[in-house]
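The values are calculated or read from the model by the stated rules, or taken from the named source; none is laboratory data. Bear in mind that the values here come from a model prediction, so they are computed numbers and not experimental data. A quick note on method: Cβ atoms are made from the backbone with ideal geometry, for glycine too, and the neighbour counts reach across all protein chains shown. Protein only, heavy atoms only, side chains kept; ligands, DNA and RNA dropped before computing areas. Shrake-Rupley method; radii C 1.70, N 1.55, O 1.52, S 1.80 Å.
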Amino acid sequence: MDVLIQEIEREEPTLTQVAFTRLLEWLDDGTDSHGETYLEMRRRLVAYFDRRNRPTADALADETFNRIAKTLEKCGSIATTPPARYCYTIARFVLLEDLRRGRRSVQFDEVRGSKSIEWGRSDAVDEAASAHERRLDCLDRCLLTLKPDQRELVVDYYRDAQRQRIDRRRELAAKLGITMNALGIRACRIRGTLEACVDTCCKAR
Amino acid sequence: MSVPGDSIQDDPQLVRYLLGLLPEEEAERLDEQSIVVDEFAARLECVENDLVDAYVSGALEGEILARFESFYLASPRRREKVRFAERFLAAAGRAGGVRAPAVAPPAAAPASEYQPARADVGAHTAPRWLMASSFAAAAMLLVTCGFLLLQDARLRRGLSDAQREGAVLGSRAQALAGQLDDQRAANSATMKELERIRAAQPAAPSASIAAVALVLLPQARGVGPVPAIALEPGSGTVAFELTLEAADFARYEVALKDPATNRIVWRSGVLAPRATSPATIAVAVPAGVLKPQHYSFDLSGRHATGAFDIVGSYAFQIQSR
């Protein structure tokens, strides 16, 4: 039922090819990132909604983009710069609306949640083990898709525990001739790519 | 969670933000930065990864641990991040030859849906990517060794060829040096012979040899009278100085022509321009070839290839006295 309410209250999710292309151009703000800016912004929006504990963070990020695309379609341009700031403004409205909807549907969610826990507990354990295997397999596959130097860096960066890890990171940064901060960001990016790859792989299987 | 230099300790505010512990106003400010400011977004991601890794390796304690379990693990997406970290750190640990990180005890998991990975799953085998990488590395090593052996043989061949060529060049250089010595000796003999001839010649009036009789400018259309010079009886040579429009060549040659017949009556040797401004060419013409009439000099510049280009013409007149 709550899903129905959300479907009704949410903006029309469909986005025409023209509108989507226009959205990409607007996000690129004069450069051509080949969609990279869109993907990065979507990732940030999803993380934002998720930090605010919204259960449908992906859908809310898409809704934010839909609203921006419609504004671009109607007005031709958006004066607010940079585009990321406007994205945040719209995302905040989307969040507040979703919070209001959430309050109305919270009881149903709780009931549904408790039922799903009681239902078929042993089946759920088997499913979890199977999913775990799938994820391990995906991780192996995705690690192989990284460039050798990226794989080496990300493994070296994260391989040790505690104090050894700090020493190793310091050595790595010195070896690459970059600061610890730059190394951290580089390793994070690679890990983010890996994480996204595993996510896509698991959904596809 | 007491790792010095770790981003968790470096950014306690970000940790509190990720765990929902900041006041709303401050949290909104960071929300905006997490979307608008690239550097902040990247830093936040790093801190989040480190926070999750610290949980997975059992390094979180006290309030932070409690909050992580009650708040952070409430989201399926964030639970998935923790699962990913467990698998990833285990794989990285195995690749690095260290123990897999300790997974947080199941009792610590707050959310009913969260089940930490079993420590034995996948821990007994090396990750497939690592095995594949090892095979690839071995194959690469074989190929590299083969390539290096070939390269070594090629370099050795190249070295001996170079040594042979060096020997040939050395002997050629020796031969050239010999030729140069012969040439120097011949020049020296020529110079001596010249000195001898000069000494044997009767003393001529030095002024008629050395004096510049006439400075000539390049011929142009519509110019006025042709420069004239009257020869003194008994003159040995007559000196001319030809002014150059541009010193485009290092070597020149002059031909004295009879304009009535267009016949060359005398030709100079190779001449070098004088470094004056403007540059000039000095020519000494034997007085015997000159008669009272009009003449012209054709000045040619010599290319490095030996070919000549006519670069100017200088007209003058010899008058009888």
At least 30 Å² of accessible area lost relative to the chain alone, listed for segment A:151-180 with a 1.4 Å probe: A:Arg151, A:Val155, A:Tyr158, A:Arg159, A:Gln162, A:Arg163, A:Arg165, A:Ile166
What number in nm² do you get for segment B:208-320 if you take the convex hull of its Cα atoms and divide its surface by four? 7.2 nm²
Using +1 at the Cβ of each Lys and Arg and -1 at the Cβ of each Asp and Glu in segment B:208-320, identify which of B:Ala250, B:Ser277, B:Ala304 lies farthest towards the dipole's positive end. B:Ala304
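Determine, from the Cβ-Cβ distance of A:Arg141 and A:Arg170 and an R0 of 35 Å, the FRET efficiency 1/(1 + (r/R0)^6), rounded to the nearest 0.05. Mind dumping the intermediate values first?
Details: r = 31 Å, r/R0 = 0.90.
Efficiency for this residue pair is about 0.65.
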Short version: which residues of segment A:50-72 lose at least 20 Å² of accessible area, all chains versus chain alone, 1.4 Å probe? A:Asp50, A:Arg51, A:Arg52, A:Asn53
What is the packing order of peptides B:42-52, A:89-99, A:165-175, A:135-145, taking the mean over residues of other C-beta atoms within 10 Å and listing the highest first? B:42-52, A:135-145, A:89-99, A:165-175
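To the nearest 0.05, what FRET efficiency results for A:Ala129 and A:Cys75 with a Förster distance of 56 Å applied to their C-beta separation?
Rounded to the nearest 0.05, the efficiency is 0.60.
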Accessible-area loss of at least 50 Å² in the complex relative to the chain alone (1.4 Å probe) applies, within segment B:22-68, to B:Glu28, B:Asp31, B:Glu32, B:Ile35, B:Val36, B:Glu45, B:Cys46, B:Asn49
Give me the accessible area buried between chains A and B, both sides summed, with a 1.4 Å probe, in Å² rounded to the nearest 100. 4900 Å²
Charges on Cβ only, +1 for Lys and Arg, -1 for Asp and Glu, centred on the Cα centroid of segment B:1-95; of B:Tyr72, B:Leu19, B:Leu89, which one is farthest towards the dipole's positive end? B:Leu89
B:Ala213's amide H: which non-local residues (gap 5+, or another chain) put their own amide H closer than 5 Å, with H modeled 1.01 Å from N in plane and none for Pro or chain starts? B:Ala239, B:Phe240
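Computed over the Cα atoms, what is the radius of gyration of segment A:137-205 divided by 2.2 N^0.38 Å, N being its residue count?
Its radius of gyration relative to the 2.2 N^0.38 Å reference: 1.19.
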